[in-house]
There are 2 protein chains.
Amino acid sequence: MKKFYIAKARRLRGTPFSSRIEDQGLTAYTTYNHMLLPAAFEGTEKEYFHLKKYVQVWDVAAERQVQIIGKDSAKLVQLMTCRNLSKSKVGRCYYAPIIDEQGKMINDPIILKLDENKWWISLADSDVGLYAKGLASGLKLQVEVSEPDVNILAVQGPKSFKLMEKVLGPKINKLKFFSFDYFTFKGNKFFIARSGWSKQGGFEVYVKDREAGLNLYDELFLAGKEFNIKPGCPNLIERIESGLLSYGNDFDNGDNPFECGFDQYIDIESDINYLGKKALAQISKGGIKRKLMAVKIDLDKIEIMEEKPLQNGKSLIGHLRSAVYSPNFKKVVGIAMIKKEFWDKKTTFELELNGKKSKGSVCDLPLV
Amino acid sequence: MKKFYIAKARRLRGTPFSSRIEDQGLTAYTTYNHMLLPAAFEGTEKEYFHLKKYVQVWDVAAERQVQIIGKDSAKLVQLMTCRNLSKSKVGRCYYAPIIDEQGKMINDPIILKLDENKWWISLADSDVGLYAKGLASGLKLQVEVSEPDVNILAVQGPKSFKLMEKVLGPKINKLKFFSFDYFTFKGNKFFIARSGWSKQGGFEVYVKDREAGLNLYDELFLAGKEFNIKPGCPNLIERIESGLLSYGNDFDNGDNPFECGFDQYIDIESDINYLGKKALAQISKGGIKRKLMAVKIDLDKIEIMEEKPLQNGKSLIGHLRSAVYSPNFKKVVGIAMIKKEFWDKKTTFELELNGKKSKGSVCDLPLV
C-alpha cells in the first residue's frame, strides 16, 4: 500500500507532547477529534510485544473532554446515553454509548463524574460537544458545555503499576479499575484514572498544566528505564484481540448499541430519560439482525480502509471492518458486523482482496 | 520540519476518487470531517501557479453534506445561522456562519437550498450534523438529519469554464456565481454549483452515483488535456491571498463572527430566530476588541502548527494563525487575529520563530 505524508496545520492540533514523541521515533500520525494522535513508532508488531511485556507512555491528548457543568448537567449527560447513570458516583468512570434519537451510535466515551454538577465525557472521534450544545439550547438547560485544555497521557502495560508507584507513591495502586483520584508530583496535582485503551493494565493521567505535564512525561521516561519504557500508542493488534471497539472503524452512526454488543450498558426498563429510548425498546422487542463479532482469516498480512464483504458461498454473511495480522494467532484477526443467520461460531467465509480469495471463520469477542 | 506518514484506517474515510488521485502523484493528505482530503501533489507553489493559469480537479469529498429535510427544516437551518435566510431561494448557495448560543463560531459552511423543505449544509471541518440532531431532538422538530453519500469534485481555475462547457455543454456557463442546477453527462444527472474554495473561478460537482462520478472524473482529465488540467487541492497560498478563511486554522469556537469579518452575514435587526442572537446583539453594542486581518512578514519560508504571538515592542498586538510564503509578494503572507488598538494598517510587528525575529506589518483582507 502506498504511503502518504500528513499535511500539518493548526486545524489538526498538536498536543503538549508532540515535540517529545516526534523526537522519540514517531513515524506516523492519525487524527482524532481534530488533533494529532500518534499511530506508529517502531511498527505495530514490535509495539504489540513490548506493550504486553513492559510499559508504554501514550500521548492520547486527542481523547478530548467535553466538560458539562451546571445544575442540569446530570440531566444532560443522561439524555445522551442509554447507560443508567442515576446511581453513578463521584470519582468513577463509566463506559457509555452515546446515541441519537434513532438509537444509533454517536460515540462510545468514558464518562467521568467529577462532582454532582461536573462531568467530563472522554471522547472517541466525534464532536459530542456540539450534540450537547444543541440539546442544551433546545431544552434551555442550565449548563455550560466546553472543551477544557486537558491532555491525557496514558501509561499502559504490565509494568505500569511499578512505574507509577515509583513516581507517584504507593497510593496509586489502591486505585480500583475505572476509578480516579488526585495525585501530586513535584507540587502539581494530577487527576489520574485507572483506565486506558488496552487490556494490559495501566492509568490515564489527565494533564491540566502543560509544563507540569511535560515534567511528569520526562520523569516517567527517566524512572521507567529499568522497566524498559517506550513511547507508544493504541495498538491495533492488542485492541482487536482484546475486543476494544473503535468508533468510526468497527461501528458508526449506522449501527445501534445492541449490534455493538453494548447490552450491559443499555437500560430500557427503568424510568430514566434519554434520547433514543423508544427506538432502543423497539429494537430490543424485535431483536437485532446483526452484531459485531471477531473473525480469523488465513492471511499473513492485511490492510483495509473500508468495510469488505464476507461471503459464504452465495450468501453475504457480513462485513469486515477492522483487521490486522496477529503474531499470536499467526493469522489475521478482525472485527466484523455479522448477520444473525451466521452467528454460529462455526460459520466460515471467503474474503476477496485484490482478486485473491482467503478463508476465515467467525468467533466470539474478545479473542483473548 | 520533520515529516510523518498518515496512518490510514476505515475511520478516516477514503473517497470515491482516492484511488485516482493516489495514482496521479498525490504526496500528502490531511483529514477533514473524518475523511481524507488531498493536501499536496507537486508542491504548494507549483500548484499555486498552475491553479491561477489553468484548471484543476479537486477531490473535496471531505466537504461533507448535512442533509436536513422535513417540515421544520427551514426553521432548524435558520436556528443555527446568524445569516437571514428568510428570503432564500431554491437553487442558491449561501455562505453562512454557524454559531452557538454564546455567539461563537461552530462552522462556516455553504448552505444550499434544494427545496423549500430540503437543505444541504456543505461543511467546513466540524460535526454540525450532531449540533442539528441535538437541536432537533431538544425542540422536537419535524426533521430528518443525515449525511448523504454525496462527494464533491471541484473544478477550479480560469480554464474551468471552457473545460466544463466542452464536457457538459454551453448551459453550464449560464450558471451564476453561487447558483446551482442539474446537468447531464452520459445519461447521469449531476448537481453542479458555480462555487469552490478558490477565487480563480470554477464549479463544484455534487456526485451522488460513485460510478458515474468516476466516469466524469476520467472524462474531465481526457477533455482537459488541451487546457493543461492537473489534479489539485485547496491551495494555501491562493486561499490566504484571496482571504478565504479556514475554520480550525484562522478561527474556531473561541471566536465570534464579527471578529472573523462576517458582518454582512449577520442579521440582528429583523425578527428571525436563531441561537446566539442575543449574544451577537450584545457584542455588536459593545464593539469587538479584535478581528482577523492579513499580515505580511519578511521571511522566505514558514510553517506554523499553532498560533504565534506578534509583538510591537512590549505590546502583544495579536496572534498569527495561518501563514505561507507567497511567490507573488515575495514575502510570507498570513491571517492573524489583531487587537483593536493595532488595526491601523501601518502597524508593524515582530514575530519570533525558533529564536529568530522577523518583521512584519498588518494589512486588510483580502491581500489581492
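The values are calculated or read from the model by the stated rules, or taken from the named source; none is laboratory data. The model shown is predicted, which means the values in this text are computed figures rather than measured ones. Glycine also receives a Cβ, built like all others from the backbone with ideal geometry; neighbour counts cover every protein chain displayed.
Scanning segment B:136-146 for residues that are surrounded by fewer than 20 Cβ atoms within 10 Å (Cβ to Cβ), among the hydrophobic types (A, V, I, L, M, F, W, C) and away from every other protein chain (no Cβ under 13 Å) turns up nothing. Here B:PHE227 fits the description: away from chain A (no Cβ under 14 Å), touching a helix residue (DSSP H, G or I) at 6+ places or on another chain (Cβ under 6 Å) and modelled with pLDDT of 95 or more. Does B:GLN24 qualify as being more than 22 Å from B:SER246 (Cα to Cα) and touching a residue at least 40 places away in the same chain (Cβ under 8 Å)? Criteria met by B:GLN24.
On the basis of being of a type in the set (Gly, Ala, Ser), modelled with pLDDT of 95 or more and under 18 Å from the mean Cα position of the chain (by Cα), does B:ALA40 make the cut? Yes.
Which residue, of B:LEU280, B:LEU244, B:LEU214, is more than 30 Å from B:VAL362 (Cβ to Cβ) and touching a residue at least 40 places away in the same chain (Cβ under 8 Å)?
Unique residue meeting the criteria: B:LEU214.
When restricted to residues that are surrounded by 20 or more Cβ atoms within 10 Å (Cβ to Cβ) and of a type in the set (A, V, I, L, M), segment A:196-216 contains 3.
Right, A:LEU123: touching a Lys or Arg at 6+ places or on another chain (Cβ under 6 Å), within 13 Å of chain B (Cβ to nearest Cβ) and not hydroxyl-bearing (Ser, Thr, Tyr) or not? Spelling it out, A:LEU123 is indeed touching a Lys or Arg at 6+ places or on another chain (Cβ under 6 Å), within 13 Å of chain B (Cβ to nearest Cβ) and not hydroxyl-bearing (Ser, Thr, Tyr).
To keep it simple, each residue is scored yes or no on (1) part of a strand (DSSP E or B); (2) touching a residue at least 24 places away in the same chain (Cβ under 8 Å); (3) within 14 Å of chain B (Cβ to nearest Cβ); (4) surrounded by fewer than 22 Cβ atoms within 10 Å (Cβ to Cβ).
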site: A:ARG10; (1), (2), (3), (4): no, no, yes, yes
site: A:TYR29; (1), (2), (3), (4): yes, no, yes, no
site: A:LEU36; (1), (2), (3), (4): yes, yes, yes, no
site: A:GLU45; (1), (2), (3), (4): no, yes, no, yes
site: A:HIS50; (1), (2), (3), (4): no, yes, no, yes
site: A:VAL66; (1), (2), (3), (4): yes, yes, yes, no
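The requirement of being assigned to a helix (DSSP H, G or I), among the acidic types (Asp, Glu) and more than 14 Å from chain B (Cβ to nearest Cβ) is not satisfied by A:GLU22.
When segment A:252-279 is filtered for residues that are among the aliphatic types (A, V, I, L, M) and within 14 Å of another protein chain (Cβ to nearest Cβ), the ones remaining, listed by number, are A:LEU275, A:ALA279. Only one of the numbered conditions (1) within 14 Å of another protein chain (Cβ to nearest Cβ); (2) surrounded by fewer than 21 Cβ atoms within 10 Å (Cβ to Cβ); (3) under 23 Å from the mean Cα position of the chain (by Cα) is violated by B:VAL150, and that is (1). Name every residue in segment A:213-260 that is in a loop (DSSP other than H, G, I, E, B) and closer than 29 Å to A:SER160 by Cα, in order of residue number. Within segment A:213-260, A:ASN228, A:ILE229, A:CYS233, A:PRO234, A:ASN235, A:GLY243, A:LEU244, A:LEU245, A:SER246, A:GLY248, A:ASN249, A:ASP250 meet the criteria. Within the bounds of segment B:156-170, is there any residue that is at positive phi, surrounded by fewer than 24 Cβ atoms within 10 Å (Cβ to Cβ) and within 14 Å of another protein chain (Cβ to nearest Cβ)? No, the conditions are met nowhere in segment B:156-170. Taking (1) away from chain A (no Cβ under 14 Å); (2) on the phi < 0 side of the Ramachandran plot in turn, B:GLY202 satisfies each apart from (2). Only one entry in B:ASN249, B:ASN228, B:ASN253, B:ASN235 is in contact (Cβ under 8 Å) with a residue 24 or more places away in the chain and surrounded by fewer than 19 Cβ atoms within 10 Å (Cβ to Cβ), namely B:ASN228. Just to be sure before I move on: is A:LYS75 out of contact with any Gly (no Cβ under 7 Å at 6 or more places or on another chain), modelled with pLDDT of 95 or more, in a helix (DSSP H, G or I) and not assigned by TED's automatic domain parsing to the domain that holds A:LEU220 in the structure I sent? So A:LYS75 fits the description; yes.
Return yes or no: is A:SER270 among the polar types (S, T, N, Q), under 15 Å from A:PRO97 (Cβ atoms) and modelled with pLDDT of 95 or more? Spelling it out, it is not the case that A:SER270 is among the polar types (S, T, N, Q), under 15 Å from A:PRO97 (Cβ atoms) and modelled with pLDDT of 95 or more.
For segment B:72-86, does any single residue satisfy the condition of being surrounded by 18 or more Cβ atoms within 10 Å (Cβ to Cβ), within 14 Å of chain A (Cβ to nearest Cβ) and among the small types (Gly, Ala, Ser)? Within segment B:72-86, not a single residue is surrounded by 18 or more Cβ atoms within 10 Å (Cβ to Cβ), within 14 Å of chain A (Cβ to nearest Cβ) and among the small types (Gly, Ala, Ser).
So how many residues does segment A:297-332 have that are away from chain B (no Cβ under 14 Å), within 22 Å of A:GLY43 (Cβ to Cβ), in contact with a Phe, Trp or Tyr (Cβ under 8 Å, 6 or more places away or on another chain) and touching a residue at least 40 places away in the same chain (Cβ under 8 Å)? Count: 2.
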